[in-house]
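What follows is a set of notes on a single structure, which appears directly below.
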Amino acid sequence: DTGVSQNPRHKITKRGQNVTFRCDPISEHNRLYWYRQTLGQGPEFLTYFQNEAQLEKSRLLSDRFSAERPKGSFSTLEIQRTEQGDSAMYLCASSIRSGFLSSGNTIYFGEGSWLTVV
Amino acid sequence: KQEVTQIPAALSVPEGENLVLNCSFTDSAIYNLQWFRQDPGKGLTSLLLIQSSQREQTSGRLNASLDKSSGRSTLYIAASQPGDSATYLCAVRPESNTGKLIFGQGTTLQVKP
């Protein structure tokens, strides 16, 4: 088990460009989450999937943001027409949905993908 | 709307001290509460998870307590070490168990040798 993997770790892009981040969750974790974190703040929820279904989206996720998890394994988060306000760390996390195992409710985070929009 | 607050925002202690980090939340309808550690520029590492029916959890020098009715949790760190220096975040999962976590802003801890 290699943990939650995110790529790329760092991305610098010009305003107006599109960027895509990839997340590979812990194997067999059926829930996958995306969060955004700016300096000095706690992470803010963006969206989450259970298997391939996107079950909840935050109002923070504007029309320029789209997330997919096509086969219930890895996920991508795309930001179109980036703006300077999109500069942040994008965190992916995963967990197993289980009502029986307390350890299964723990959410595990990746190392994050830093986005800088210039 | 659930809000999570962590006090203090920053804390500096000499090595060897025992310390307590505080977390409060406005809505007691939570499924569980999780404490995380975050090193600068890094992701989050889960430390302890407390189910809503539990009062505390322990791991090594860490002990987390939960008083759901009063909307409070504490993270106790015994015999602090310079390696404990990091930002500590608490997060609650709503009772609906959607999986969404609501985070506090964190407490940045510095342990001086």
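Using Cα pairs under 8 angstrom and six or more residues apart, how large is the relative contact order of region A:21-118, in percent?
That works out to 30 percent.
May I ask you to list the lysines whose Cα is less than 26 Å away from that of B:K42, ignoring any residue fewer than eight positions away on the same chain?
Hits, sequence-local ones excluded: A:K11, A:K14, A:K57, B:K100, B:K112.
Mind checking how much accessible area A and B bury in total, 1.4 Å probe, in Å² rounded to 100? Don't jump to the answer; show the numbers that get you there.
Values: alone 6960 and 6020 Å², together 11200 Å².
Buried area between the two chains comes out at roughly 1800 Å².
Given a Förster distance of 41 angstrom, what is the FRET efficiency for B:T26 paired with A:T13, based on the Cβ-Cβ distance and rounded to 0.05?
0.65
Taking the Cα centre as origin and putting +1 on Lys and Arg beta-carbons and -1 on Asp and Glu beta-carbons, what dipole magnitude results for chain B, to the nearest 20 debye?
Details: 10 positive and 9 negative charges, 38 e Å.
About 180 debye.
As I understand it, the dipole of the protein assembly as shown uses +1 on the Cβ of Lys and Arg and -1 on the Cβ of Asp and Glu, about the Cα centre. Which of B:T45, B:N32, A:A67 lies farthest toward its positive end?
Result: A:A67, furthest along the dipole toward the positive end.
Work from the charge dipole of region A:20-118 (Cβ charges, +1 for Lys and Arg, -1 for Asp and Glu, about the Cα centre) and give the residue of A:L32, A:Y108, A:L55 farthest towards its positive end.
The residue sitting farthest along the positive end of the dipole is A:L55.
How large is the charge dipole for the protein assembly as shown, taken about the Cα centre, if only the Cβ atoms of Lys, Arg (+1) and Asp, Glu (-1) carry charge, to the nearest 20 debye? Display every interim value, and only then the final one.
Numbers: 24 positive and 21 negative charges, 85 e Å.
The dipole of the protein assembly as shown has a size of about 400 debye.
Report the accessible area of A:Y108, computed with a 1.4 Å probe over the heavy atoms of all protein chains in place, in Å² rounded to the nearest 10.
The accessible area of A:Y108 comes to roughly 90 Å².
Suppose every Lys and Arg Cβ carries +1 and every Asp and Glu Cβ carries -1, with no other charges. What dipole size does region A:19-93 come out with about its Cα centre, to the nearest 20 debye?
With Lys and Arg at +1 and Asp and Glu at -1, about 40 debye.
Simple spin-label model, 7 Å along Cα-to-Cβ: A:T116 to B:K42 in nm?
Taking the simple label geometry, A:T116 and B:K42 are separated by 2.1 nm.
Under 17 Å from a point placed 7 Å out from the Cα of B:Q81 along the Cα-to-Cβ direction: which residues of region B:15-41 have their backbone N that close?
Backbone N within reach: B:15-19, B:37-39.
Compute the accessible area per residue over chain B, keeping the other protein chains in place, probe 1.4 Å, unit Å².
45
Loop-only check: which GluC sites (Glu not before Pro) in region A:18-118 are DSSP coil with at most 16 other Cβ within 10 angstrom?
Sparse-neighbourhood loop GluC sites (Glu not before Pro): A:E28, A:E52, A:E83.
Using a 1.4 angstrom probe and counting only protein chains, how large is the accessible area of B:V4 in Å², to 10?
20
The values are calculated or read from the model by the stated rules, or taken from the named source; none is laboratory data. Keep in mind that what you see is a predicted model, and the values were worked out from it rather than measured. Note: ideal-geometry Cβ built from the backbone for every residue, glycine included; neighbour counts use all protein chains shown. Calculation scope for accessible area: heavy atoms of the full protein, side chains included, ligands and nucleic acids excluded. Shrake-Rupley method; radii C 1.70, N 1.55, O 1.52, S 1.80 Å.
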